[in-house]
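All remarks here apply to the structure that follows.
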Amino acid sequence: MHTGKIKKLVRDRGFGFISDTDGKEVFFHQTSLAEGANFDALNEDQSVEFEVEKSDKGPRAVNVRVVQQ
């Protein structure tokens, strides 16, 4: 499981980018959120945890969920 912060959200297109703790940027789509997570409730700079899988366009975050602090 990876951790990071939401770097950017593109709400009208339903995707965003996460800055991983190692400094890498990872794409995620609203369909990649963990069950029960709400894309509209996400905010930039929010801490999240996620898994990474390979896609045709590079690494993609899946099972994204908010880390409660």
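The values are calculated or read from the model by the stated rules, or taken from the named source; none is laboratory data. Model, not experiment: these values are computed from the prediction. Virtual Cβ from ideal backbone geometry, glycine too; neighbours counted across all protein chains shown.
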(request) Could you grab me the full set of residues in region 13-30 that are polar (S, T, N, Q) and modelled with pLDDT under 95? (result) Thr21
(request) Need at least 2 residues that are loosely packed, with under 14 Cβ neighbours inside 10 Å per element, so show me which strands (runs of 3 or more DSSP E) inside the chain make the cut, counting only ones lying wholly within it. (result) 2-10, 47-55
(message) Let me spell it out: the conditions are (1) within 10 Å of the chain's Cα centre (by Cα); (2) at pLDDT below 95, and Met1 meets all of them except one. Which number is the exception?
(response) (1)
